[in-house]
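Take a look at the structure below.
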Amino acid sequence: MLEKLRPSELAVGRKTTLDIYTRGGRLLLSKGAVIGNQEQIELLLARGLVKRDPSDRVDYSSEFKPFRYSANVNPFLEVLELEDQLSRTFRHLKSGAPGAPEAFQRDIRMICSQIIGLAERAPEALLGTVHWPRAEEGSYSIYHPIQCAILIAVVAQKLKMHGEQLFCTLAAALTANIGMLTVQDKLNRQKSPLTDEQREQIRNHPERSVELLEAIGVKDPMWIRAVLHHHERLDGSGYPKGLKGDEIANEARLLALADIYIALIGKREYRQALPVKVALRQIFSERGTLVGPALTKLFLNQIGVYPPGTAVKLKNGDTAVVTERSESIHHPICAGIRAISGQVYMHPPPRDTKLEEFNIVEVLSSDLLKPLQPFLFWGVHVRKAVEL
């Protein structure tokens with residue numbers, strides 16, 4: 001039976017994965033042909049039909065469901081576990097053990113399911129995990145994709161993104177750099193300028209990542225296309241293909257925003273982490289060349305000027321931490337850490353910063369949060385907080 005083509009199955013510069021026919025059964029384009037331009041895609045979507053092998057289908061309705069967490073979940077511990085899971089998943093794949101490719105896809109789906117479950121159950125604390133200072137440096141190649149996926153999961157709620165599209169975007173976030181895992185941590189620690197070889201590795205990694213994913217049996221074109229396009233830019237200045245405008249997958253645009261933001265607010269050997277306001281300002285200033293104004297504005301509004309996990313000074317003298325976004329990106333809800341007298345609050349009081357006495361007057365260094373237990377500020381029950 002012939003079925004309509006999906007937009008996610010076609011991408012400029014990529015080979016078709018199926019023979020494409022007219023309604024009358026005449027072959028329009030053979031499997032393996034390279035898509036030349038966006039006009040060709042539009043023609044194929046209007047006229048093209050394909051015959052899909054049932055064995056090639058991925059039933060997301062049964063395989064991708066948000067993991068159900070309790071109301072008292074501690075996202076800070078859960079995210080550490082997710083990082084361990086992703087690290088084990090990459091190591092298992094690299095080992096070449098029998099069944100590793102199948103296990104890889106299953107494990108990626110499970111991690112995606114858990115991230116969505118956390119985003120549904122505790123989105124504010126989950127955003128807090130991205131901005132709270134890390135107790136240990138960790139592996140950049142592991143925590144970077146997890147943090148990107150977290151941002152996507154939270155923003156996706158506003159976009160009404162769900163099902164296959166959401167899974168593929170999260171899976172792409174987790175695997176976009178799989179083609180350069182061996183060098184990514186080294187590059188993050190490197191102080192010297194990039195070599196020509198390293199520049200080439202960076203430029204080629206989207207295609208290399210796609211090659212590896214396809215080699216282990218990843219068939220979903222939406223997942224593949226998001227990985228391939230995540231460094232393309234609206235004005236054609238990106239790589240590897242220099243695509244422009246509508247040639248770039250929407251899933252890849254959201255991934256690009258998350259990727260850029262996490263990179264900017266993260267510390268590197270050669271520079272300090274950028275303050276959130278500076279990172280947001282930089283992304284906003286390039287909204288017309290990166291992914292487009294509308295998506296950029298929505299993304300930045302969902303993060304907020306003071307995202308959860310930000311240490312601040314309030315007008316009344318309190319030192320506090322942002323715990324919850326509000327309708328106003330400039331007036332989040334905070335929890336008090338220390339009073340102007342120096343007294344530490346045993347039970348962190350809520351502070352609504354739209355009230356004048358609790359207005360935010362300064363963003364403080366996140367270092368002051370390092371000795372603190374983050375779960376206390378989001379009301380997580382202590383017993384659950386210490387369970388692993």
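The values are calculated or read from the model by the stated rules, or taken from the named source; none is laboratory data. Source: prediction; values computed, not measured. Here Cβ is always computed from backbone atoms with ideal geometry, including for glycine, and neighbour counts include all displayed protein chains.
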If we keep only residues of the stretch 1-41 that are of a type in the set (Ser, Thr, Tyr) and under 20 Å from residue 165 (Cα atoms), then the residue surrounded by the most Cβ atoms within 10 Å (Cβ to Cβ) is 16
Out of all the residues in the stretch 3-49, which are over 21 Å from residue 226 (Cα atoms), touching a Ser or Thr at 6+ places or on another chain (Cβ under 9 Å) and either without any contact (Cβ under 8 Å) to a residue 40 or more places away in the chain or not in a loop (DSSP other than H, G, I, E, B) (or both)? 19, 20, 28, 29, 30, 47, 49
For the stretch 172-212, which positions are crowded, with 16+ Cβ neighbours inside 10 Å, modelled with pLDDT of 90 or more and in contact with a Phe, Trp or Tyr (Cβ under 9 Å, 6 or more places away or on another chain)? 172, 175, 178, 202, 206
(1) under 27 Å from residue 141 (Cα atoms); (2) touching a strand residue (DSSP E or B) at 6+ places or on another chain (Cβ under 7 Å); (3) not aliphatic (A, V, I, L, M) all hold for residue 270 apart from (2)
Being over 25 Å from residue 135 (Cβ atoms) and either modelled with pLDDT under 95 or among the acidic types (Asp, Glu) (or both): is that true of residue 327 here? yes
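Could you please let me know if residue 375 is in contact (Cβ under 8 Å) with a residue 60 or more places away in the chain and over 30 Å from residue 256 (Cβ atoms)?
yes
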Among the residues in the stretch 314-321, are any touching a Phe, Trp or Tyr at 6+ places or on another chain (Cβ under 9 Å), surrounded by fewer than 17 Cβ atoms within 10 Å (Cβ to Cβ) and modelled with pLDDT of 95 or more? yes
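Within the group 336, 292, 317, 309, which residue is under 18 Å from the mean Cα position of the chain (by Cα), of a type outside the set (Val, Ile, Thr) and either under 19 Å from residue 376 (Cα atoms) or outside the structural domain of residue 132 (by TED's automatic domain parsing) (or both)?
309
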Could you tell me how many of the residues in the stretch 71-86 are under 21 Å from residue 146 (Cβ atoms) and modelled with pLDDT under 85? 0
So, of the residues in the stretch 346-361 that are more than 23 Å from residue 126 (Cα to Cα) and touching a strand residue (DSSP E or B) at 6+ places or on another chain (Cβ under 6 Å), which turns out to be surrounded by the fewest Cβ atoms within 10 Å (Cβ to Cβ)? 361
Counted residues in the stretch 265-289 being within 16 Å of the chain's Cα centre (by Cα) and β-branched (Val, Ile, Thr) come to 2
Of all residues in the stretch 213-264 being of a type in the set (Phe, Trp, Tyr) and surrounded by 22 or more Cβ atoms within 10 Å (Cβ to Cβ), the one that is farthest from the chain's Cα centre (by Cα): 223
Of the criteria (1) touching a Pro at 6+ places or on another chain (Cβ under 9 Å); (2) free of Cβ contacts under 8 Å to residues at least 24 places away in the same chain; (3) within 17 Å of residue 143 (Cβ to Cβ), which one residue 264 fails: (1)
Restricting attention to the stretch 68-100, the residues that are part of a helix (DSSP H, G or I), among the hydroxyl-bearing types (Ser, Thr, Tyr), in contact (Cβ under 8 Å) with a residue 12 or more places away in the chain and surrounded by fewer than 18 Cβ atoms within 10 Å (Cβ to Cβ) number exactly 1
Search result, residues across the stretch 101-160 that are without any contact (Cβ under 8 Å) to a residue 12 or more places away in the chain and under 17 Å from residue 301 (Cα atoms): 160
Mind counting the residues in the stretch 275-301 that are among the aliphatic types (A, V, I, L, M) and surrounded by fewer than 18 Cβ atoms within 10 Å (Cβ to Cβ)? 3
Please list, ordered by first then second residue, the pairs with beta carbon atoms under 7 Å, 6 or more apart or interchain, first in the stretch 276-288 and over 22 Å from residue 132 (Cβ atoms), second crowded, with 18+ Cβ neighbours inside 10 Å and polar (S, T, N, Q). 284/296; 287/296
